[in-house]
Amino acid sequence: MATSPANQPRRTLLLTGASRGIGHATVKRFSAAGWRVITCSRHAFPENCPWEAGPEDHIQVDLSDTASTEEAIAEIKRRLTGHELHALVNNAAISPKADGGKRLSTIDTSVDLWRHVFRVNFFAPIMLARGLLDELKVTKGSVVNVTSIAGSRVHPFAGAAYATSKAALAALTREMASDFGRFGIRVNAIAPGEIDTAILSPGTEKIVEQIPLHRLGTTDEIAKIIYVLCTETSSYVNGAEIHINGGQHV
């Protein structure tokens with residue numbers, strides 16, 4: 001495993017939605033580069049997970065609950081005592097489905113469900129970033145918000161609440177880049193397209209036919225771009241939303 005240079009303290013990443021898919025790949029990518037990764041998930045840390053630092057660097061939090069999120073921020077600050085925070089990646093998101101896995105339209109989505117989705121997908125990211133602003137100021141750190149291709153077009157599987165929350169998160173990224181930038185903190189977003197995970201919707205193969213690269217993306221391909229946005233390689237990138245979809249948006 002790679003380690004940080006001797007003249008640099010070990011870097012730390014806070015990652016939400018770490019238990020599977022893009023989040024899991026991101027943990028592996030940063031850990032391999034010698035970073036400490038503090039993970040947040042609504043699930044407890046699985047006992048059978050081989051990641052040794054997992055239990056001490058995992059925080060169970062319900063991001064749909066404001067009080068739970070505030071408690072998690074306080075706990076993160078405690079665990080960072082004597083250490084620095086270099087990056088925050090807001091990856092956690094929910095995308096509720098109708099019966100049979102069908103997408104929920106603007107007509108079918110209840111207002112309560114809409115609120116629930118926005119609390120996780122939109123409000124939690126800004127709560128975490130504002131709550132940890134002082135820590136990010138010290139390192140002139142980086143924030144990466146994970147949006148979606150569904151935030152810029154009607155998607156056959158993603159519901160209306162999910163899609164609009166991701167569109168709002170893209171706009172929030174620009175606002176944050178303007179506000180946080182004065183402190184030297186860069187805020188960017190990545191917008192994944194069709195990524196090969198364990199929760200692909202039936203019919204995804206039809207979308208693949210329309211992607212210029214004619215394949216799904218991998219979770220590691222997403223994690224690699226997240227990593228770049230959290231390092232000096234992207235030191236003048238701020239307020240960007242990077243589309244990672246094999247050309248599906250063209």
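Which of the residues that make up segment 121-145 are assigned to a loop (DSSP other than H, G, I, E, B) and of a type in the set (A, V, I, L, M)? Once the filter is applied, which keeps residues that are assigned to a loop (DSSP other than H, G, I, E, B) and of a type in the set (A, V, I, L, M), segment 121-145 yields only L132. Within segment 146-190, restricting attention to residues that are among the basic types (K, R) and not in a helix (DSSP H, G or I), which residue is farthest from I22 (Cα to Cα)? Checking each candidate, the answer is R182. Within segment 75-97, the residues that satisfy the criterion of being over 19 Å from the mean Cα position of the chain (by Cα) and either of a type outside the set (D, E, K, R) or not in a helix (DSSP H, G or I) (or both) are L80, T81, G82, H83, E84, K97. Sub-6 Å Cβ pairs linking a first residue in segment 155-166 that is touching a residue at least 24 places away in the same chain (Cβ under 8 Å) to a second residue that is of a type in the set (D, E, K, R), at least 6 apart or interchain, are F157/R103; G159/R103, ordered by first then second residue. Of the strands (runs of 3 or more DSSP E) lying entirely inside segment 11-73, not one is found with 1 or more residues being at pLDDT below 90, over 15 Å from the mean Cα position of the chain (by Cα) and aliphatic (A, V, I, L, M). Output the number of residues of segment 102-120 satisfying the condition of being farther than 17 Å from V154 by Cβ and outside any loop (DSSP other than H, G, I, E, B). Counting residues in segment 102-120 that are farther than 17 Å from V154 by Cβ and outside any loop (DSSP other than H, G, I, E, B) gives 8.
Kindly establish whether D112 is modelled with pLDDT of 95 or more, of a type outside the set (A, V, I, L, M) and within 17 Å of D62 (Cα to Cα). Yes, satisfied. Considering R153, R186, R182, R174, the condition of being surrounded by fewer than 18 Cβ atoms within 10 Å (Cβ to Cβ), over 21 Å from S41 (Cβ atoms) and either in contact with a strand residue (DSSP E or B) (Cβ under 9 Å, 6 or more places away or on another chain) or acidic (D, E) (or both) is satisfied by R174 alone. Within segment 172-189, the set of residues being more than 15 Å from the chain's Cα centre (by Cα) and small (G, A, S) comprises A177, S178, G181, G184. Pairs are defined by a Cβ separation below 8 Å, a sequence spacing of at least 6 or placement on different chains, a first member in segment 56-79 that is in contact (Cβ under 8 Å) with a residue 60 or more places away in the chain and within 19 Å of F118 (Cα to Cα), and a second member that is basic (K, R) and not in a helix (DSSP H, G or I); the pairs so defined are L63/R42. For segment 98-136, the candidate set comprises residues that are among the basic types (K, R) and over 20 Å from the mean Cα position of the chain (by Cα); within that set, the residue that is surrounded by the fewest Cβ atoms within 10 Å (Cβ to Cβ) is K102. What about G239, is it surrounded by 14 or more Cβ atoms within 10 Å (Cβ to Cβ), over 19 Å from the mean Cα position of the chain (by Cα) and on the phi > 0 side of the Ramachandran plot? No, not satisfied. Can you tell me which residue in segment 211-226 is surrounded by the most Cβ atoms within 10 Å (Cβ to Cβ), limited to those that are charged (D, E, K, R) and farther than 17 Å from V37 by Cα? Among those residues, the one meeting the criterion is E221.
The values are calculated or read from the model by the stated rules, or taken from the named source; none is laboratory data. Source: prediction; values computed, not measured. A quick note on method: Cβ atoms are made from the backbone with ideal geometry, for glycine too, and the neighbour counts reach across all protein chains shown.
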